[in-house]
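Student: Quick one: structure below, then a few questions.
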Amino acid sequence: MDPRQRKDVLRNITYGLYVTTTAQGEAVAAAGVSWLSQCSFEPPLVMMALRKDGALCALLRRSGRGVVHILGEGQAAVAKSFFGPTKHEAGTINGQPYKLEEGQPVLGAFPWYFHFEVREWVDRGDHSIAVAAVTGAHATGEATNPLALRDTSWSYGG
Ligand SMILES: Cc1cc2nc3c(=O)[nH]c(=O)nc-3n(C[C@H](O)[C@H](O)[C@H](O)COP(=O)(O)O)c2cc1C
């Protein structure tokens, strides 16, 4: 397979953009994630692919639970701060205020979020897939449209 052709084709898979958080004791991790999809109606399950060498993946393996925030259109600038290491200080994660709900960090900036509990890990390539049950879903404010990765200058895939 020609790697360039592979990239050109696979980059046409469409994605959203999310910020996933988790906490275990004093430790907190957060990251911008695009490889996420619902994968069951009943029970409601999502699957999320996380870099095996990332801090979020490592902490989520310990905590087993967390929160996915769904970004709204116009929130690309906020997303950018979650593409680097987690900075946890003074009630903020990467500069965004949060509160703890059921022991997990909920960021105030985003229009929708849901709590999840990991049911299973699938380890194949350079990402680990968490198959997770959705345990609570919330809309926080005015209706908007979700941010699509293709409407930003970034890509993740290929
Ligand atoms: C557009 C975009 C999409 C991303 N999607 C994912 C993803 O689906 N899964 C993932 O593990 N990392 C993804 N990343 C990378 C993480 O956001 C980045 O590695 C983050 O800093 C991880 O931090 P950590 O090492 O603390 O886990 C993406 C990055 C960008 C720029």
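Student: Quick one: in the range 69-85, which of the residues that are farther than 13 Å from Ala29 by Cα and among the hydrophobic types (A, V, I, L, M, F, W, C) is surrounded by the most Cβ atoms within 10 Å (Cβ to Cβ)?
Tutor: Leu71
Student: When residues of the range 138-148 are filtered for being within 15 Å of the chain's Cα centre (by Cα) and closer than 15 Å to Thr21 by Cβ, how many remain? Don't jump to the end; show me each part of the working.
Tutor: As a first pass, look at the range 138-148 and keep what is within 15 Å of the chain's Cα centre (by Cα): 146-148.
If we keep only those that are closer than 15 Å to Thr21 by Cβ as well, we get none.
The total comes to 0.
Student: Report every pair of residues separated by at least 6 positions or lying on different chains whose Cβ atoms are under 8 Å apart, first residue within the range 24-49 and free of Cβ contacts under 8 Å to residues at least 40 places away in the same chain, second among the aromatic types (Phe, Trp, Tyr).
Tutor: Matching pairs, first to second residue: Val33/Tyr18; Leu36/Tyr15; Leu36/Tyr18.
Student: I would also like to ask the following. Among the listed residues Arg4, Arg61, Arg11, Arg51, which satisfies the condition of being under 13 Å from the mean Cα position of the chain (by Cα) and basic (Lys, Arg)?
Tutor: Working: Arg4 fails: under 13 Å from the mean Cα position of the chain (by Cα); Arg61 fails: under 13 Å from the mean Cα position of the chain (by Cα); Arg11 fails: under 13 Å from the mean Cα position of the chain (by Cα).
Of the residues listed, the single one that is under 13 Å from the mean Cα position of the chain (by Cα) and basic (Lys, Arg) is Arg51.
Student: Quick check on my filter: what residues within the range 138-157 are polar (S, T, N, Q) and within 24 Å of Val106 (Cβ to Cβ)? Step through it out loud before you land on a result.
Tutor: We begin by selecting, within the range 138-157, every residue polar (S, T, N, Q); these are 140, 144-145, 152-153, 155.
Correct list: Thr140, Thr144, Asn145, Thr152.
Student: Anything in the range 21-45 that is among the hydroxyl-bearing types (Ser, Thr, Tyr) and within 7 Å of the ligand (Cβ to nearest atom)? List them, or say none.
Tutor: Just the residues of the range 21-45 that are among the hydroxyl-bearing types (Ser, Thr, Tyr), to begin with: 21-22, 34, 37, 40.
Once the filter is applied, which keeps residues that are among the hydroxyl-bearing types (Ser, Thr, Tyr) and within 7 Å of the ligand (Cβ to nearest atom), the range 21-45 yields only Ser34.
Student: In the range 92-151, how many residues are touching a residue at least 40 places away in the same chain (Cβ under 8 Å), at negative phi and in a loop (DSSP other than H, G, I, E, B)?
Tutor: Of the residues in the range 92-151, 7 are touching a residue at least 40 places away in the same chain (Cβ under 8 Å), at negative phi and in a loop (DSSP other than H, G, I, E, B).
Student: Which strands (runs of 3 or more DSSP E) does the range 1-77 wholly contain that include 1 or more residues that are aliphatic (A, V, I, L, M) and over 18 Å from Tyr156 (Cβ atoms)?
Tutor: Details: elements: 18-24, 27-33, 36-40, 45-51, 65-70.
Qualifying strands (runs of 3 or more DSSP E): 18-24, 27-33, 45-51, 65-70.
Student: Sticking with this structure for a sec: Could you check, for the range 61-77, whether at least one of its residues is more than 15 Å from the ligand (Cβ to nearest atom), among the acidic types (Asp, Glu) and touching an Asp or Glu at 6+ places or on another chain (Cβ under 9 Å)?
Tutor: Yes, the range 61-77 has at least one match.
Student: Quick check on my filter: what residues within the range 32-42 are within 20 Å of Thr135 (Cβ to Cβ) and under 20 Å from the mean Cα position of the chain (by Cα)?
Tutor: If the condition is that a residue be within 20 Å of Thr135 (Cβ to Cβ) and under 20 Å from the mean Cα position of the chain (by Cα), then Val33, Leu36, Ser37, Gln38, Cys39, Ser40, Phe41 are the ones that fit.
Student: Taking the options His138, His88, His115, His127, name whichever one is surrounded by fewer than 19 Cβ atoms within 10 Å (Cβ to Cβ), in contact with a Lys or Arg (Cβ under 9 Å, 6 or more places away or on another chain) and modelled with pLDDT of 95 or more.
Tutor: Numbers: His138 fails: in contact with a Lys or Arg (Cβ under 9 Å, 6 or more places away or on another chain); His88 fails: in contact with a Lys or Arg (Cβ under 9 Å, 6 or more places away or on another chain); His115 fails: surrounded by fewer than 19 Cβ atoms within 10 Å (Cβ to Cβ).
Only one candidate qualifies: His127.
Student: I'd like the full set of residues that are among the charged types (D, E, K, R) and loosely packed, with under 13 Cβ neighbours inside 10 Å, limited to the range 141-150. I'd like the intermediate steps shown before the answer.
Tutor: Quick first cut of the range 141-150, residues among the charged types (D, E, K, R) only: 142, 150.
Answer for the range 141-150, where residues must be among the charged types (D, E, K, R) and loosely packed, with under 13 Cβ neighbours inside 10 Å: just Glu142.
The values are calculated or read from the model by the stated rules, or taken from the named source; none is laboratory data. Just so you know, these numbers come straight off a predicted model, no measurement behind them. Please note: Cβ atoms are built from the backbone with ideal geometry, for glycine as well, and neighbour counts cover all protein chains shown.
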